[in-house]
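Below: the structure, in structure tokens.
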Amino acid sequence: MKGKLLDLVLVLGGVVMIAPLVWLVVNALSEPIDAFQLPPRWIPRPPTLQNFQQVPDLIPFAQMAWNSLQIAVITTAGALLTSALAAYAFNRLRFPGRDQIFSVLLAALVVPVQLTVVPIFIMMRWLHLVDTTVAIWLPALVNVFGIFFLRQYISSIPRELDEAAIMDGAGHFWILFRVILPLARPGLTALGIFVFEASWNNFFWPYIFLSSPEKMTLPVGLVSLQGAVGGGPAVVLFAAITLVVLPILVLFLIFQRSFIASIASTGLRA
Amino acid sequence: MVAAFALSLFHWDLLSTPEFAGLDNFKQLVTDGATVRAVINTFVFALASVVTHIGIGMLLALGVHRTMTRGTKYFVRTAYFFPFLVSWAAVALIWKYVLDPAFGLANYYLSATTNWLASPTLALPTLIVVDWWHTIGYTFIILLAGLQTVPAQLHEAARVDGANAWWRFWSVTLPVMSPTIFFATVITFIGAFQIFDPMVIMTQGGPDGATRSIVQYTYEKGFQSFEVGYAAALSLVLFVVIMVVTGLQFRLSRRWVHQ
């Protein structure tokens, strides 16, 4: 009996948690005149897609989605590659100053990005890269956390495997790409998911560096759309937010198991 | 980082030649009331964030860890985790409408007429609630994973020794979980000190600086009023605060975290 009551409390809490998201989708699907009614409606009557059709009239949504995707893909691919190369070097190679360099990198782990934003902004101005997507992905190509994380992962892969490959005449790249990385796949997947998610949802950096609508990423675009529709009830804004949020939620439902397992095992956070 | 330090010694508006300022920017930090306010706001936000995330997250994890039907467990886990996947920009915009005094959900269900984000006393607590809604799913999953590492035999042994539920939690669950709790605390603290998005989108730091955070003030100084040197000095303050608090947590952890 006590257990049932606790279940009920937890379920009710869960309903409250998702209520704002349901409200978002319901209003996005409502006729403007039916939206934002009190008491709130939880089923759109009648559902309509007209708000979604109006999104491109106000912001270049497709272009913004493309920018977000492009930046997230380049960032993820780049960060995985540089992290793998650096992690291999720090774990498997011997060179003078290796451990000293690594401890400096570790220190960089606790430096917040906000500390680097002012100097990097000035650098990007010199390079005439402000208000380009390059300004977003270029500094993200090297991910200190990724190096640290993959180094830990690689150090658990037995060195006998490398030695066997060296016997067969393999070089470092062969060992890294054919022996180590295939074995490090779960680590790479977890890191990849998180770098992608962090990039896709990032607001701080694009908000500072991007100003023209056709260069913006989706999160910044949403905020600029809110400025455009003003303070009143905004079904079109809700439609745009739904377009950004819904694909992520659906992807999560599909990949939930591996996604949660990767957070639980690595503690990665966007 | 070196560049940030160098910049902090100058007055510069990005256009004219930088002018050497010595420690002027740092002196201004202490005398500028807005900076002091931003530092206090950030500390209040971070402290409240850690307490609510770890406290309620722990209760949730304990609640879900018991035997539940699969369906209930799936629903609860998914429902609490969903908001974490939504970007801050979308979260802040949705909540601006949820909290709208005229047609928002919050006032309707609380039978209130409060203008949450315009109130000098309620605005910051409101943002703490929104932040909690956004990231509790993460804390909850981490704590749940930690809870699942507690060996059932230990509980069994304690039960045989006559320990009641509360004592088993105190002497078995908590010590085994302490590294997880420590990790979640450190991560929540660091994240909370860097808070920026909801302030910029929902309140612009207002009303009257009541919700302005350190990072947001850095942004205002560096990219709106173009006092680049001062902004760099502010960002160093953030860095030092994070370093000191994290260092302190590691030091204190020796007393309560089991390795």
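Need the C-alpha centroid separation for region B:211-241 versus region A:156-175, integer Å. Distance between centres, Cα-based: 48 Å. Based on the Cβ-Cβ distance from residue A:45 to residue B:56, what FRET efficiency comes out when R0 is 45 Å, to the nearest 0.05? E(calc), rounded to 0.05, equals 0.80. Which percent of the Cα-Cα distances in region A:179-261 go past 16 Å? Result for the distance tail: 64 percent.
Per residue, the Cα convex hull of region A:142-200 amounts to 78 Å³. Per residue of A:13-22, other chain Cβ atoms within 10 Å of the residue Cβ number 6 on average.
Counting, for every residue in A:116-127, the Cβ atoms of other protein chains within 10 Å of its Cβ and taking the mean gives 5.
Legend: Rg and Dmax of the protein assembly as shown, from Cα coordinates, 24.5, 77 Å. In chain B, Cα pairs under 8 Å separated by at least six residues give a relative contact order of 31 percent.
Cross-link partners of residue B:73 among lysines, defined as those whose alpha carbon lies under 21 angstrom from its own and excluding same-chain residues fewer than eight positions apart: A:2, A:4. Each residue, residue B:73 and residue A:15, gets one label point 7 Å from its Cα in the Cβ direction; the gap between the two is 2.3 nm. Ordering A:129, A:66, A:181 by the projection of their Cα atoms onto the charge dipole of chain A, which places +1 on the Cβ of Lys and Arg and -1 on the Cβ of Asp and Glu, puts A:181 at the extreme positive end. Pairs of alpha carbons in region A:128-240 separated by more than 24 Å make up 50% of all such pairs. Note on region B:1-155: percent of Cα-Cα distances in each 10 Å bin, starting at 0 and stopping at the bin with the largest distance, equals 9, 24, 25, 21, 14, 6, 1, 0. Sequence neighbours fewer than 8 away in the same chain don't count; with that in mind, list the lysines whose C-alpha is under 26 Å from residue B:221. Correct list for residue B:221: A:215, B:27, B:96. Residues in region A:153-195, backbone N under 18 Å from the label point at residue A:73 (7 Å along the Cα-to-beta-carbon vector): list them, ranges by number please. Zone members listed by number: A:192-195.
Restriction of the trypsin sites (Lys or Arg not before Pro) in region A:1-61 to DSSP coil positions whose beta-carbon has at most 16 other beta-carbons within 10 angstrom yields A:41.
Computing Rg and the Kirkwood Rh from the Cα coordinates of region B:200-239 gives a ratio, Rg/Rh, of 0.99. Per-residue ellipticity at 222 nm, computed for the protein assembly as shown from helices alone with -39500 (n - 2.57) per DSSP H run of at least four residues, works out to -22000 deg cm²/dmol.
Every number here is computed from the coordinates shown, using simple stated rules; none is lab data. No experiment lies behind these values; they were computed from the predicted model shown. Positions of Cβ are backbone-derived with ideal geometry, glycine not excepted, and every protein chain shown enters the neighbour counts.
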